[in-house]
Amino acid sequence: MTDASVSSPVLAVENVAGHYADSHILHGVSMHVSPGEVVTIVGRNGAGKTTLLRAIMGILTKRSGSIKVFDKETIAFAPERIARLGVGYVPEERGIYATLDVTENLMLPPKVAEGGMSVEQIYQLFPNLRERRKSPGTRLSGGEQQMLAIARVLRTGAKLLLLDEPTEGLAPVIVQQIGATIELMKKQGLTLVLVEQNFRFAARLADRHYVMENGRIVDAIERSQVTARMDAIKSYLGI
Amino acid sequence: MSMQALFGQLLVGLINGSFYAMLSLGLAIIFGLLGITNIAQGAFYMLGGFTTWMLFRWAGIGYFWALLLVPVIVGLVGAAIEKTLLRRVYNLDHMYGLLLTFGIMMFIQGMFVYFFATAGRPYAVPPELGGAYNLGFMFLPKYRGWVVLASVVFCFATWFAIEKTSLGRTLRAATENPTLTRAFGVNVPGLMTVGFGIGVALAGAAGVLAAPIYPVSPLMGADLIIVVFAVVVVGGMGSILGSIVTSMMLGLLEGLTKVVYPQGSNMVIFVIMFVVLLIRPAGLFGRER
Amino acid sequence: MSQETLQATSPVTAPGLKSAGRDLTLVWYGLGIAALLAAPFFFYPIFLVKVLCFALFACAFNLLLGSCGLLSFGHAAFFGAAGYVAGHAAKEWGLPFEAALVCGTAAAAAVGLLFGYVSVRRQGLQFAMITLALAQLVYFLALQLPFTHAEDGLSAIPRGKVLGTFDLDNIFVLYYATAVVFLIGFVAMHRMTNSTFGQLLKAIRDNEPRAISLGYEVHRYKLMAFVLSATMAGLAGSTKAIAFKIVALTDVHWSTSGSVILMTLLGGLGTLFGPVVGAAVVVSMEDYLADSGLPINAVIGAIFILCILLFRRGIVGEIQHRFGKR
């Protein structure tokens with residue numbers, strides 16, 4: 001497993017299998033993320049990236065294998081217990097509540113650890129949200145919703161963040177802003193797992209890329225290898 | 001017909017409307033959070049009335065303490081039922097939830113009929129609320145005015161708790177997207193227990209308010225729940241305020257019918273439901289889904 | 001999340017087993033008819049008459065639930081209304097047995113058309129709530145209309161003679177007449193379930209948006225099924241009124257609607273013979289409990305709860321599951 005000299009991983013996934021009623025399936029996925037790392041999971045549509053995040057979060061209930069979060073075995077945990085270990089989740093569909101306004105959306109997730117950002121700090125980081133704080137969550141633009149979804153987990157003090165396609169369908173300016181936010185999070189020492197379609201975006205941020213195909217992790221590419229292995233990456237992603 | 005009779009009946013209508021409002025509010029909370037149409041809501045109303053009576057009869061605990069204690073007791077009974085029974089049908093077709101609460105209703109009512117028979121038991125109006133005000137055009141018995149006031153307070157407090165507090169915020173979030181809310185670290189299953197408790201506690205509170213007006217009997221909630229269903233259908237599954245307004249309106253109409261055409265008074269709400277379904281299938285405040 | 005649906009497909013309609021299934025059904029029919037013929041020599045005929053009336057009623061309820069997925073909480077309205085009309089026709093108008101049945105059944109069909117028209121547009125729980133409320137309207141009418149005699153109900157309804165010759169006061173005649181009525185209703189409903197119309201209803205049940213996009217007038221088909229179910233419930237109610245010479249408020253009360261749900265649930269939702277078995281069990285149980293001094297409704301409530309938590313397939317459904325399933 002991991003080198004004894006390195007501090008133990010924040011997230012260690014070993015041989016995880018999982019399934020839905022429909023066809024998204026995981027077959028023996030293993031991966032690990034060390035403290036402060038940014039790791040991306042890349043792959044084509046339907047490779048199982050979102051499902052993997054859902055399995056880690058415990059939302060995918062039919063799962064087996066071993067998932068250790070901060071050294072705790074969570075395979076039998078309910079989602080709320082996993083979250084309380086210090087995991088923040090930004091789902092693919094953003095998950096903004098229509099029946100809650102922006103502030104309420106922001107305040108909803110309970111604090112899971114010390115050291116989260118204050119509401120004031122969050123509004124400084126995302127001034128747009130301050131302006132819209134009384135609007136129902138789903139009245140926001142796509143970009144604002146994405147910012148709110150990220151801001152929401154920054155307040156909780158979670159140390160491991162799972163972000164599912166944070167740039168999907170957003171304008172380049174907003175993608176840049178989100179990139180900057182992620183870099184800031186990294187500077188603060190947070191650990192990030194990022195599912196991303198946009199490889200150019202991912203390449204700038206990530207320490208390591210896991211490549212998924214048909215519910216398996218087929219390759220792991222370190223940051224230093226990216227330029228050298230560009231052809232392989234292109235063929236994995238079909239670009 | 002005298003003004004006194006007219007206003008008297010309108011007052012009774014308003015009181016019934018208050019009960020409809022409290023029961024349908026509880027129904028709406030439970031439906032939103034658990035996806036269960038709680039047909040046992042009327043049985044919990046009866047439980048509230050009976051617990052009030054029993055507290056006084058067996059423990060000498062009076063009305064105002066009952067008003068505090070009974071909703072808590074009924075809520076706890078509800079929470080226990082949610083944890084042991086309802087929990088098991090969440091993943092099944094919603095109809096099983098309805099059928100399960102139907103069984104629970106039959107069980108609770110059946111047990112009370114067995115031990116207490118069906119006769120009504122009187123419960124005295126608390127002395128502080130005895131007597132009446134002379135309003136000029138009618139005498140307003142203090143207690144009846146109190147019931148309307150108290151139920152408005154209960155409904156408003158519930159509305160406030162749902163719209164303006166952190167518990168309410170979490171409740172709304174769990175209603176809208178339970179899975180994601182769990183992924184944020186909220187104990188949604190626990191919240192569902194609490195939500196069911198609150199929903200039936202409202203019915204229990206209505207039972208306390210009813211005890212000095214209607215005789216306390218094991219079947220006092222049996223027909224009431226059906227009227228409340230009709231009220232919910234008329235109002236549509238929409239806003240909280242919409243269902244309160246509908247409840248009061250239908251209560252008043254029922255009272256008015258009692259004056260104009262007494263034979264039709266227990267049918268009028270069902271007739272209105274029929275007409276509303278013909279004209280506006282989604283209900284007055286509902287949206288077509 | 002996978003949701004367990006209410007309707008178990010009966011093996012009779014399982015695709016690919018059609019001809020084998022049909023043979024099997026014929027065998028079952030043969031056995032059933034033999035049992036119907038022989039039963040009065042083993043059981044008390046009046047008891048059997050009651051079972052058959054409720055079995056037909058439960059089949060009617062199951063028809064709507066099984067083929068459309070609509071859970072009616074107000075079927076007592078049709079059962080009871082038909083009983084009142086049939087009883088009145090026999091007693092006050094002096095109509096013969098058959099004509100009284102027709103009157104009662106037609107009344108149930110009319111009430112069904114009225115109620116179905118406003119309720120089938122709603123689904124699931126709303127539908128259940130609406131049918132319950134509408135049935136309560138019928139209950140209050142029965143309490144107040146002049147010809148239903150409020151709490152007294154109708155009593156001493158003359159049974160008359162079948163075809164003007166066989167006296168129904170002979171309990172064997174009564175039993176076989178009821179058996180024939182039951183068989184007619186049962187076969188009619190079974191045929192309907194397996195007809196094109198029945199298949200269409202199932203298609204609507206399984207995927208309503210698709211049926212709508214294919215151009216089917218979904219509400220009209222549902223309404224037809226609703227009326228048919230109400231009519232059959234009415235046939236059961238009329239027969240029961242004449243056979244027992246009495247119609248009372250309990251016949252239109254929601255507890256009767258609940259009782260028929262329990263019969264179907266206990267016997268097996270969506271199965272062919274489940275409602276019949278369930279009716280036999282529930283009627284025997286009610287008869288037994290009535291003399292036992294136990295709290296009847298509480299016991300029935302408890303059975304309801306246990307059934308839903310532990311025994312959702314019902315008796316026939318469980319048997320089908322254990323044996324002979326594919």
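Across region A:57-98, the number of residues qualifying as in a strand (DSSP E or B) and more than 9 Å from chain B (Cβ to nearest Cβ) comes to 10.
Among the residues of region C:307-326, just one is open to solvent by 30 Å² or more (accessible area, probe 1.4 Å), hydrophobic (A, V, I, L, M, F, W, C) and within 8 Å of chain B (Cβ to nearest Cβ), namely C:Leu309. Taken residue by residue, region B:43-51 has at least one member that is in contact (Cβ under 8 Å) with a residue 60 or more places away in the chain, out of contact with any His (no Cβ under 9 Å at 6 or more places or on another chain), under 21 Å from B:Gly190 (Cα atoms) and part of a helix (DSSP H, G or I). Look at (1) more than 21 Å from the chain's Cα centre (by Cα); (2) open to solvent by less than 20 Å² (accessible area, probe 1.4 Å); (3) closer than 30 Å to C:Ser259 by Cβ and you find that B:Asn91 fails only one, number (2). Residues of region C:112-125 that are open to solvent by 10 Å² or more (accessible area, probe 1.4 Å) and more than 12 Å from every other protein chain (Cβ to nearest Cβ): C:Leu113 alone. Among the residues of this structure, A:Ala171 does not count as one that is out of contact with any Lys or Arg (no Cβ under 9 Å at 6 or more places or on another chain), away from chain B (no Cβ under 12 Å) and under 24 Å from A:Gly48 (Cα atoms).
Scanning region C:214-230 for residues that are outside any loop (DSSP other than H, G, I, E, B) and of a type in the set (A, V, I, L, M) returns C:Val218, C:Leu223, C:Met224, C:Ala225, C:Val227, C:Leu228, C:Ala230. Among the helices (runs of 4 or more DSSP H) confined to region A:99-188, the ones with at least 1 residues that are of a type in the set (Lys, Arg) and either under 24 Å from B:Leu167 (Cβ atoms) or open to solvent by 50 Å² or more (accessible area, probe 1.4 Å) (or both) are located at A:127-131, A:142-154, A:172-187. Among the candidates A:Thr51, A:Thr74, the residue that is in contact with a His (Cβ under 7 Å, 6 or more places away or on another chain) and hydroxyl-bearing (Ser, Thr, Tyr) is uniquely A:Thr51. Within the option set C:Ala107, C:Ala188, C:Ala128, being assigned to a helix (DSSP H, G or I) and modelled with pLDDT of 95 or more holds for one residue only, C:Ala107.
Consider region C:217-243 and keep the residues that are open to solvent by 50 Å² or more (accessible area, probe 1.4 Å) and in contact with a helix residue (DSSP H, G or I) (Cβ under 7 Å, 6 or more places away or on another chain). The one that is modelled with the lowest pLDDT is C:Tyr221. The helices (runs of 4 or more DSSP H) found entirely in region B:193-282 that carry 1 or more residues being at pLDDT 90 or above, within 9 Å of chain C (Cβ to nearest Cβ) and open to solvent by 30 Å² or more (accessible area, probe 1.4 Å) are B:268-279. Answer yes or no as to whether C:Leu95 is open to solvent by 10 Å² or more (accessible area, probe 1.4 Å) and of a type outside the set (S, T, N, Q). Taking the combined requirement at face value, the residue satisfies it.
Within region B:56-71, the set of residues being among the hydrophobic types (A, V, I, L, M, F, W, C), part of a helix (DSSP H, G or I) and surrounded by 15 or more Cβ atoms within 10 Å (Cβ to Cβ) comprises B:Phe56, B:Ala66, B:Leu67, B:Leu69, B:Val70.
Here is the figure for region C:289-304: residues that are in a helix (DSSP H, G or I) and either open to solvent by 20 Å² or more (accessible area, probe 1.4 Å) or among the basic types (Lys, Arg) (or both) total 8. Residues that are touching a Lys or Arg at 6+ places or on another chain (Cβ under 6 Å) and under 24 Å from C:Lys222 (Cβ atoms): does region C:157-168 have at least one? Looking through region C:157-168, none of the residues is touching a Lys or Arg at 6+ places or on another chain (Cβ under 6 Å) and under 24 Å from C:Lys222 (Cβ atoms). Considering only residues in region A:198-239 that are within 25 Å of A:Tyr89 (Cβ to Cβ) and open to solvent by 80 Å² or more (accessible area, probe 1.4 Å), the one that is farthest from the chain's Cα centre (by Cα) turns out to be A:Asn214. Of the numbered criteria (1) farther than 23 Å from A:Pro91 by Cβ; (2) out of contact with any Lys or Arg (no Cβ under 8 Å at 6 or more places or on another chain), the one A:Met185 fails is (1). Only a single criterion out of (1) open to solvent by less than 10 Å² (accessible area, probe 1.4 Å); (2) within 14 Å of another protein chain (Cβ to nearest Cβ) is not satisfied by B:Gly78, namely (2). Filtering region A:83-92 to residues that are under 12 Å from A:Ile150 (Cα atoms) and open to solvent by 30 Å² or more (accessible area, probe 1.4 Å) leaves only A:Glu92. Look at region C:298-316: where a residue is of a type in the set (A, V, I, L, M, F, W, C) and a partner is part of a helix (DSSP H, G or I) and open to solvent by 40 Å² or more (accessible area, probe 1.4 Å), sitting 6+ places away or on another chain with Cβ atoms under 7 Å, you get C:Ala298/B:Phe107; C:Ala298/B:Met111; C:Ala298/B:Tyr114; C:Ala302/B:Phe107; C:Ile305/B:Phe107; C:Leu309/B:Arg88; C:Ile315/C:Val277; C:Val316/C:Val277.
Scanning region A:121-151 for residues that are out of contact with any helix residue (DSSP H, G or I) (no Cβ under 7 Å at 6 or more places or on another chain) and within 14 Å of A:Leu108 (Cα to Cα) yields A:Pro136, A:Ala149. For region C:132-164, a residue qualifies if it is loosely packed, with under 13 Cβ neighbours inside 10 Å, away from every other protein chain (no Cβ under 13 Å) and modelled with pLDDT of 80 or more, and the qualifying residues are C:Phe147, C:Glu151, C:Asp152, C:Ala156, C:Leu163. Counting only helices (runs of 4 or more DSSP H) that sit completely within region B:102-187, those holding 3 or more residues that are within 14 Å of chain C (Cβ to nearest Cβ) correspond to B:178-183.
The values are calculated or read from the model by the stated rules, or taken from the named source; none is laboratory data. This structure is a prediction, so every number in the text was calculated from the model and none was measured. Reconstructed Cβ throughout: ideal geometry from the backbone, glycine too, with neighbour counts over all protein chains shown. Heavy atoms of the whole protein, side chains included, go into the accessibility calculation; ligands, DNA and RNA do not. Shrake-Rupley method; radii C 1.70, N 1.55, O 1.52, S 1.80 Å.
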